[in-house]
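**Student:** Please find one structure pasted underneath; my questions will follow.
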Amino acid sequence: MPAHPFFSTPKLGFGLMRLPKLPDGAIDIEQTKDMVDLFLESGFTYFDTAYVYDGGQSEIAAGKALVARHKRDSFTLATKLNARVSTSREDAEKQLMTSLERTQAEYFDFYLLHALGSRNVPLYDEYKIWDYAARMKEKGLIRHWGFSFHDSPELLEKLLNDHPDAEFVQLQINYADWESNTVASRRNLEVARAHGKPVVVMEPVRGGALANPPQRVRDILTAADPAASPASWALRFAASQEGVMTVLSGMSNMDQMRDNIATMKGFVSLNEHQRAVMEEARQALLNVPSIPCTGCSYCTEGCPMQIKIPDIFSARNQDIIFGQTERARNRYAQIIKDSAGADQCIQCGQCESACPQNLPIIELLKQAAQAFA
Ligand code: SF4
Ligand code: SF4
């Protein structure tokens, strides 16, 4: 792929979807400010939020911790329009104005149609969001637009053929999902590359799961480099792929920020030997069964019982992958202290139609209810 101007973006992006929280559940703005400052001081520039993250609090935090305190041309800010949470075309179009108000950013460097997949593309078509993004770019409220995507390479191919003016795509790229049928990291990346679209990587550490892989995987990585954390291997794997513009990490505290900066400052792609190590780790991971939930939370918005589905699956995986049964049980007990349990699912199916990973959520909740009974 010829050099694209987007490739001058530093390889680590700050995902603002898991910002640090105060005991009352509000975003910890002071800690977020420290993280933003360290990130910028370390030479990184790309920030990623979305209209729906934390019910709008993420965009507000971006405004307070980043936009209000740093020169507008010293960083790039991305946000996303989510058609699923709007009831009409007019309502969907208002999201951009709301995002601008929340962040006070004046314009967005990168604007994305959020979480496209076969179930919601018809809605983005119906609301003509593609044309809207192009119009807003002409007006100067958006510098570049693209979309984040969770579906098959075939659908990605179709979307890029239908909308060749989309400038970039955001894809789920990690070594665990490299050859999976549901996420199809490798094949989707190849489609984007074939269309000359730079790729922003999301979920490089698969919702944090690859920071604590099963022992067999950890052993392989540690033997190759005792000083490198499993999370750093996962980040470097994603950033080493040809066509990648930047890799988002949803950092929640200063320790994660420091670890990621240490990994990605002066980034150099994995060499042949290191790529072979990653392939060995990937094979080892394939042999460990787990629930491939990324923690994106798209399933929870419409759940009439307000079941904390990703939290429950995360507790299950703690048991399934790591064998930490007691800790998983305790965690489950904490999760359902103030919300419905897995056994209270009424099988309405809302969550399954929202899940980008196409997980059989109802069946998995049944299993969780039995395991944690
Ligand atoms: S099927 Fe169960 S978990 Fe899913 S939205 Fe309905 S009640 Fe919630
Ligand atoms: S179950 Fe699906 S929609 Fe819900 S958090 Fe997990 S991956 Fe996301």
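**Student:** Run the quick spin-label model on E279 and D162: label points 7 Å from Cα toward the beta carbon, then report their separation in nm to one decimal.
**Tutor:** Going by the 7 Å Cα→Cβ label model, 3.6 nm.
**Student:** In addition: Taking springs between alpha-carbon atoms closer than 10 angstrom, which of Q334, Q31, Q350 fluctuates most in the Gaussian network model of the chain?
**Tutor:** With Cα springs under 10 Å in the chain, the top fluctuation among Q334, Q31, Q350 is at Q334.
**Student:** Same structure, new question: With the alpha-carbon atoms as the only input, what is the per residue convex hull volume for the range 1-158 in Å³? Kindly include the intermediate steps, with their values, before the conclusion.
**Tutor:** On the way: hull volume 21.0 nm³, N = 158.
Dividing the Cα hull volume of the range 1-158 by its residues yields 133 Å³.
**Student:** Here's something else I'd like to know. What is the sum of charges, Lys and Arg at +1 and Asp and Glu at -1, for the other residues whose Cβ falls under 12 Å from the Cβ of R186? Write out the running numbers ahead of the final one.
**Tutor:** Details: positive: R187, R193, R282; negative: D177, E179, E190, E242, E279.
Cβ neighbours under 12 Å give a net charge of -2.
**Student:** Based solely on C-alpha atoms, express the radius of gyration and the Dmax of the range 309-371 in angstrom.
**Tutor:** Values for the range 309-371 (Cα only, Rg and Dmax): 11.5, 32 Å.
**Student:** For an R0 of 30 angstrom, estimate the FRET efficiency from the Cβ-Cβ distance between K337 and A262 and round to the nearest 0.05.
**Tutor:** Computed FRET efficiency for K337 and A262 comes out at 0.25.
**Student:** Under a 5 Å amide H to amide H cut-off, with H placed in plane at 1.01 Å, what residues pair with F108 once short-range neighbours are removed?
**Tutor:** Residues meeting the criterion, in which the H sits 1.01 Å from N, are I142, R143.
**Student:** Tabulate in residue order the Karplus-calculated ³J(HN,Hα) for the range 195-208, using 6.51 cos²θ - 1.76 cosθ + 1.60 with θ = phi - 60°, rounded to whole Hz; enter x for Gly and Pro.
**Tutor:** Using θ = phi - 60°, the values come out as 8, x, 9, x, 10, 8, 8, 10, 6, x, 10, 6, x, x Hz.
**Student:** Could you calculate the contour length gain from T222 to M97, that is, 0.36 nm times the residue separation minus the distance between their Cα atoms, to one decimal place in nm?
**Tutor:** Details: separation 125, 0.36 × 125 = 45.00 nm, distance 4.77 nm.
Full extension from T222 to M97 adds 40.2 nm.
**Student:** Ok, one more. For K21, which sequence-distant residues (separation of 5 or more, or a different chain) have an amide H within less than 5 Å of its own amide H, given hydrogens modelled in the peptide plane?
**Tutor:** Here D28 satisfy the definition.
**Student:** Which entries of K197/K308; K11/K139; K21/K158; K80/K308 show an alpha-carbon separation above 31 angstrom in the structure shown? Walk me through the numbers before you get to the answer.
**Tutor:** On the way: K197/K308 35 Å; K11/K139 29 Å; K21/K158 40 Å; K80/K308 23 Å.
Over 31 Å apart, Cα to Cα: K197/K308; K21/K158.
**Student:** Let me ask something else about it. Grab every C-alpha pair in the chain, bin the distances at 10 angstrom width from 0 up to the longest one, and report whole percents.
**Tutor:** 5, 23, 34, 28, 9, 0
**Student:** Identify which of K64, K337, K137 has the largest mean-square fluctuation in a Gaussian network model of the chain, with springs joining Cα atoms closer than 10 Å.
**Tutor:** For the chain, modelled as a Gaussian network with Cα springs under 10 Å, the answer is K337.
**Student:** Here's a follow-up. Among F267, F47, F237, which one shows the highest mean-square fluctuation when the chain is modelled as a Gaussian network with alpha-carbon springs under 10 Å?
**Tutor:** Of the options given, F267 has the highest mean-square fluctuation.
**Student:** Name the long-range amide H neighbours of T76: under 5 Å, sequence gap of 5 or more, or other chain; modelled H, no Pro or chain starts.
**Tutor:** The answer is Y46, F47.
**Student:** At 0.36 nm per residue, and after removing the present C-alpha to C-alpha distance, how many nm does the segment from A26 to R69 gain when stretched out fully?
**Tutor:** The A26-R69 span can extend by a further 13.5 nm.
**Student:** State the dimensionless ratio Rg/Rh of the range 1-82 (Rg: radius of gyration of Cα atoms; Rh: Kirkwood radius).
**Tutor:** On the way: Rg = 13.3 Å, Rh = 13.4 Å.
My calculation puts Rg/Rh at 1.00.
**Student:** How far apart, in nm, are the 7 Å Cα→Cβ label points at D255 and H195?
**Tutor:** So the label points at D255 and H195 sit 4.0 nm apart.
Read-outs throughout are calculated quantities, based only on the coordinates presented, and are distinct from any laboratory measurement. The model shown is predicted, which means the values in this text are computed figures rather than measured ones. Methodologically, a virtual Cβ is constructed for each residue, glycine included, from the backbone with ideal geometry; neighbour enumeration extends over all protein chains shown.
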